[in-house]
1. Collect the residues in the range 422-443 that are charged (D, E, K, R) and either on the phi > 0 side of the Ramachandran plot or open to solvent by 100 Å² or more (accessible area, probe 1.4 Å) (or both), keeping them in residue-number order.
2. Considering each of 214, 237, 248 in turn, give the residue that is open to solvent by 70 Å² or more (accessible area, probe 1.4 Å), farther than 30 Å from residue 315 by Cα and either free of Cβ contacts under 8 Å to residues at least 24 places away in the same chain or of a type outside the set (A, V, I, L, M) (or both).
3. Within the range 42-56, track down each residue that is in a strand (DSSP E or B) and either touching a His at 6+ places or on another chain (Cβ under 6 Å) or within 17 Å of residue 88 (Cα to Cα) (or both).
4. Restricting to the range 176-191, count the residues that are in a helix (DSSP H, G or I), touching a residue at least 24 places away in the same chain (Cβ under 8 Å) and not aliphatic (A, V, I, L, M).
5. Kindly evaluate residue 419 against the criterion of being under 25 Å from residue 327 (Cα atoms) and open to solvent by less than 80 Å² (accessible area, probe 1.4 Å).
6. For the range 192-211, enumerate the residues that are assigned to a helix (DSSP H, G or I) and either open to solvent by 50 Å² or more (accessible area, probe 1.4 Å) or small (Gly, Ala, Ser) (or both).
7. Looking at (1) in a helix (DSSP H, G or I); (2) small (Gly, Ala, Ser); (3) free of Cβ contacts under 8 Å to residues at least 60 places away in the same chain, which is the one condition that is false for residue 226?
8. Could you please let me know if residue 308 is part of a helix (DSSP H, G or I) and touching a strand residue (DSSP E or B) at 6+ places or on another chain (Cβ under 9 Å)?
Amino acid sequence: MKQRGRRTKGMEEAHPFAGMSQVNKDAAGVDIGAEEIVVCVAGDEHTQIVKAFGNYTVDLQNIGKWLHEYDVKTIAMESTGVYWIPLFEEMERQGFECLLISSRSLRRVSGRKSDIQDAQWIQTLHSYGLLESSFRPQAELVGLRTMLRHRSQLLEHRAPHIQHMQKALLQMNVQLSQALSDVTGETGQAIIRAIVAGEREPEKLAAMRDRNCKKSAEEIGKALTGTWREEHLFIVKQSLELYDFYTKQVEECDAEIERMYAMIRPDWEGGELKPLPQKKRNSHSKNAPKNKEEIRKHLKRISGVDLSVVDGFGVSLAQTVIMEVGTDMNKFPSEKHFCSWLGLAPKHEISGAKVLKNKTMKTKNRAGQAFRMAAQSVKRADCVFGSLYRRLKSRLDKAQATVATAHAIARVVYRMLKYQVEYEKICVEEYEQKYKEAQIKYMKKKAEKLGFQLVPA
């Protein structure tokens, strides 16, 4: 199918790209749908050739053969749902350079729209070098990233069933959540399982408390005196079964992740790991993988550095960042590009020398969220990032201080991954002294500009 531009009667034909030279003459544009894939390549000077294919695996292979006939080397496609993934992987397998384009980059003037026109528009923009590819980590890490995202979804599906248990207990006036800080801990689980098994005596239930539990057995016994209505007990029973089911699924997912780790770069030596600080060793999370030390070794072997020792980080956050970002920092020319991609840098919108907006963009970037979580965890910590957060919070609101601290942590991680240097913790007193010296130097310069001399008191 060939599409040629038509000249409107009485009007000159528009040339929106007049004066521009084509950068990618061997480019193709692809519009991906649920049932049909439309591919566009360049014909002669004023012609584009468009062909429609199905979305079966045989069709994807035929797309590659058809593109090879026209000597196409680079392909641009819009990131439509998950439909682009099979085509992207097949085209990469066949040796094409693939660019994944966000829908924001392909916005057009409102009007007539069709799959053919979209494919032509993508091919035209790509041929003139006007499209920028979305970030995608190394292919060998994509599988692990998929498994980690699946694991987080399992944890999200498990969380409501914990809330259902708590709600049913409260409706029976069993104040277990008031007596215990976490109903999914050892004491909470032992008591809930005993209730499901038929135990109703508060004294016997309270005797199951862990010896490290802060509340006394007498206080827990008062909280466990309820109405024991049958309908709520049934809900507790079913919610507990669903909680156990998702817990088992998470454990199986962890085993598969461990197997996949062993398959990635098995010949690389990660080097010796330094022991974690005492605070990090004592910290625990019920959602964290059980084999944290093994995962830490795998991450060091894959990335070459140990991100888990960074203040605010742990094995889980280090794992998330490496799988979402990858280990090749050459895709980001500088720290500024990296932080902008994470959504931790403000977007300046300027018109007529006037700043219209200066806020960070809303983003669902998982790596950016990981850095924000790291910033949240150092608010009261005795470290450089904690000191930075508290100083910023004195003149900014909490959200801005959190983003700024996350930005600082991201710059450190970028340098670690790019230059393969380990994290060196700076003493807080040394950091405060350097900040004080910088402030004094700045005030002296400002005083000199105003014709004054700064003299110490």
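1. So the first thing to find is which residues in the range 422-443 are charged (D, E, K, R), and the list is 422, 424-425, 429-430, 432, 434, 436-437, 441.
Across the range 422-443, the qualifying residues are 424, 425, 429, 434, 436, 437, 441.
2. On the way: 214 fails: farther than 30 Å from residue 315 by Cα; 248 fails: farther than 30 Å from residue 315 by Cα.
Step by step, each of 214, 237, 248 is checked, and only 237 is open to solvent by 70 Å² or more (accessible area, probe 1.4 Å), farther than 30 Å from residue 315 by Cα and either free of Cβ contacts under 8 Å to residues at least 24 places away in the same chain or of a type outside the set (A, V, I, L, M) (or both).
3. Initially, the range 42-56 is screened for residues in a strand (DSSP E or B), giving 42, 47-53.
Scanning the range 42-56 gives 52, 53.
4. 3
5. Numbers: under 25 Å from residue 327 (Cα atoms): yes; open to solvent by less than 80 Å² (accessible area, probe 1.4 Å): no.
No.
6. The initial filter retains those residues of the range 192-211 that are assigned to a helix (DSSP H, G or I), namely 192-197, 202-206.
Across the range 192-211, the qualifying residues are 193, 194, 196, 197, 203, 204, 206.
7. (1)
8. no
The values are calculated or read from the model by the stated rules, or taken from the named source; none is laboratory data. Just so it is clear, the model here is predicted, and its values are computed rather than measured. Here the Cβ is made from the backbone with ideal geometry for all residues, glycine too, and neighbour counts use every protein chain on show. Side chains are part of the model used for accessible areas, which takes the heavy atoms of the whole protein and leaves out ligands, DNA and RNA. Shrake-Rupley method; radii C 1.70, N 1.55, O 1.52, S 1.80 Å.
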